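Q: Just dropping this structure here.
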Amino acid sequence: MIWNETKECMSRDEMTALQSKRLVKLVDYVYHNVEFYRKKMQSKGLLPSDIKGIEDVTKLPFTTKDDLRDNYPFGLFAVPNSEIVRVHASSGTTGKATVVGYTRRDLDIWAECVARCFTMAGISKNDIMQIGYGYGLFTGGLGAHYGAEKIGAMVVPQSTGNSKKLITMMLDFGATAIACTPSYLLHIAEILEEENLLDKVKLKTAVCGAEPWTDKMRIELENKLHIHAHDIYGLSEVMGPGVACDCEFHKGLHVCEDHFYPEIINSSTMQPEKDNVLGELVFTTFTKEGLPLIRYRTKDLTSIDHTKCECGRTSARIGKFKGRVDDMLIIRGVNVFPSQVEAALLEVQEILPYYMIIVDRVDNLDTMEIQVEVNEKYFADEIKGLESLTKKVAHTVNQALGLNAKIKIVEPHTIDRADGKAVHVIDKRKLY
Ligand code: DLL
């Protein structure tokens, strides 16, 4: 069985009719079950009956990550906690997590969407699939896992952090498919090459996402490992992986449009953009019960194309991502906001709030160095204590971000004072 190909191959008119029906139902649902949306709609003088079809979506208010944070942890849930069977979380702009909740039906739909993406990438029940995304609060591991199980693949829940074991099992089990971040797969490919193991690999397909990557990087991975590599997109607020994926033609990522309505807006005017014009991607979730979202601003920059794809699918396609509207960095698949780093640094009294985050990619793995100024008082008489201060800062940053960073303590007044908007990040990776 091909997962929901029938739905994906609906004509545009049929899709629009389904989306209209689902939007009307969704608006009624959130109005009656989420105080936040009821108030937002009331403040715009909107009633559910004002939304008659998908063409009315632009009348609805936007939702942002800040809204989720302000309603931390469960304030935007539309069902009682007893109906939520799982939560995930990702970083918020100030260090407070963004918590997302799923009902049993949400999890079923999520698995179906991921199964659809993996099927699009050519994966089937005959595959042995390693899941190399982190399992835990991050949606990557468990999200990919249940999608792969749904299509009946033999799933190896590898998670991240032990490349050696992953490679051993890849070879011993004869793994034919893998899901992980593209940079992690490049890292794995590099090790395989160094150890002369490339010809022992049975891998045929990789489904990579959670971070931006270029077509050039895809082709490099494909050539090195002799595989087909596909791009999978998603975000925890909307669901997790499986919101969109590219087919064998790699001409954009097909959106699971019957569940997630994509819009591209101009983030200055907040008005919708036409097809093929770059703007901010916005999603409305049609079928989510636990955390339904109306016009969620992803901050991801891309464009949309509603024409039929060469593969025959009629679903809207979003282009490869061109960056973000905000300053979020994605480092080894982990979302990092400079403000989180700043908040962590401010906890250490010996240092000053002047810092620079330098991100690079070494051996295909992201690295992060944080240069931070030490307080003059400590610098003068505590040079010998710098090592322990470095450790202290590293620990504080690790606790806040869940990531290791190299800390470099520098003398007072080393870091440039900004004339205008402070620059806190130097990103040396060539991702876009
Ligand atoms: O990264 C979900 C995911 C897991 C997607 C595994 C794909 C595979 P978050 O941690 O909430 O969720 O981060 C979401 O990551 O807004 C994008 O900026 C970025 N992102 C995700 N997939 C892609 C991709 C997961 N294929 C944020 N290309 C999003 C570019 C991506 N950026």
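The values are calculated or read from the model by the stated rules, or taken from the named source; none is laboratory data. Remember, it's a predicted structure, so these values are computed and weren't measured experimentally. Glycine gets a Cβ as well: all are built from the backbone with ideal geometry, and neighbour counts include every protein chain shown.
Q: All but one of (1) away from the ligand (no atom under 16 Å from the Cβ); (2) under 23 Å from ILE264 (Cβ atoms) hold for LYS39; state the number of the condition that does not hold.
A: Looking at each condition in turn, LYS39 falls short on (2).
Q: While we're on this one: How about the stretch 280-294: which of its residues are more than 15 Å from the ligand (Cβ to nearest atom) and either closer than 15 Å to SER20 by Cα or surrounded by fewer than 22 Cβ atoms within 10 Å (Cβ to Cβ) (or both)?
A: Result: THR284, PHE286, THR287, GLU289, ILE294.
Q: Could you tell me which residue of the stretch 353-370 is farthest from LYS224 (Cα to Cα), considering only residues that are of a type in the set (A, V, I, L, M, F, W, C) and crowded, with 19+ Cβ neighbours inside 10 Å?
A: Of everything passing the filter in the stretch 353-370, MET356 is farthest from LYS224 (Cα to Cα).
Q: State which residue is farthest from THR160 (Cα to Cα) when the search covers only the stretch 114-141 and only residues that are in contact with a Pro (Cβ under 9 Å, 6 or more places away or on another chain) and outside any loop (DSSP other than H, G, I, E, B).
A: Here the answer is CYS117.
Q: Among the candidates PHE286, PHE260, single out the residue that is of a type in the set (Phe, Trp, Tyr), touching a Leu at 6+ places or on another chain (Cβ under 6 Å) and modelled with pLDDT of 95 or more.
A: Of PHE286, PHE260, the one residue that is of a type in the set (Phe, Trp, Tyr), touching a Leu at 6+ places or on another chain (Cβ under 6 Å) and modelled with pLDDT of 95 or more is PHE286.
Q: In the set THR168, THR139, THR160, which member is closer than 30 Å to ASN398 by Cβ and either without any contact (Cβ under 8 Å) to a residue 12 or more places away in the chain or touching a helix residue (DSSP H, G or I) at 6+ places or on another chain (Cβ under 6 Å) (or both)?
A: After applying the criteria, what remains is THR168.
Q: With the checklist (1) in contact with a helix residue (DSSP H, G or I) (Cβ under 9 Å, 6 or more places away or on another chain); (2) at pLDDT 95 or above in hand, flag the one item GLU5 doesn't pass.
A: Tallying (1) in contact with a helix residue (DSSP H, G or I) (Cβ under 9 Å, 6 or more places away or on another chain); (2) at pLDDT 95 or above, GLU5 fails exactly one: (2).
Q: Test of understanding: among VAL156, VAL100, which residue is more than 16 Å from the ligand (Cβ to nearest atom) and modelled with pLDDT of 95 or more?
A: Of the residues listed, the single one that is more than 16 Å from the ligand (Cβ to nearest atom) and modelled with pLDDT of 95 or more is VAL156.
Q: Further, regarding this structure: So ALA115 passes all but one of these: (1) more than 19 Å from ILE227 (Cβ to Cβ); (2) surrounded by 23 or more Cβ atoms within 10 Å (Cβ to Cβ); (3) free of Cβ contacts under 8 Å to residues at least 40 places away in the same chain; (4) small (Gly, Ala, Ser). Which condition number does it fail?
A: Going through (1) more than 19 Å from ILE227 (Cβ to Cβ); (2) surrounded by 23 or more Cβ atoms within 10 Å (Cβ to Cβ); (3) free of Cβ contacts under 8 Å to residues at least 40 places away in the same chain; (4) small (Gly, Ala, Ser) one by one, ALA115 breaks only (3).
Q: Limited to the stretch 188-214, what total is found for residues that are at pLDDT below 90 and within 16 Å of the ligand (Cβ to nearest atom)?
A: 4
Q: I want to confirm something. Restricting to the stretch 103-145 and keeping residues that are β-branched (Val, Ile, Thr) and under 17 Å from VAL85 (Cα atoms), which single residue is farthest from the ligand (Cβ to nearest atom)?
A: THR103
Q: Residues LYS251, LYS204: which one is surrounded by 15 or more Cβ atoms within 10 Å (Cβ to Cβ), more than 15 Å from the chain's Cα centre (by Cα) and under 18 Å from MET129 (Cβ atoms)?
A: After applying the criteria, what remains is LYS204.
Q: What residue, of PRO241, PRO262, is within 10 Å of the ligand (Cβ to nearest atom), closer than 26 Å to ALA148 by Cα and either among the hydroxyl-bearing types (Ser, Thr, Tyr) or under 17 Å from the mean Cα position of the chain (by Cα) (or both)?
A: PRO241
Q: Among (1) touching a helix residue (DSSP H, G or I) at 6+ places or on another chain (Cβ under 8 Å); (2) more than 15 Å from the ligand (Cβ to nearest atom); (3) free of Cβ contacts under 8 Å to residues at least 60 places away in the same chain; (4) within 19 Å of HIS250 (Cβ to Cβ), where does ASN223 come up short?
A: Result: ASN223 fails condition (1) only.
Q: For the stretch 304-336, enumerate the residues that are of a type in the set (D, E, K, R) and within 10 Å of the ligand (Cβ to nearest atom).
A: LYS320, LYS322, ARG324, ASP326
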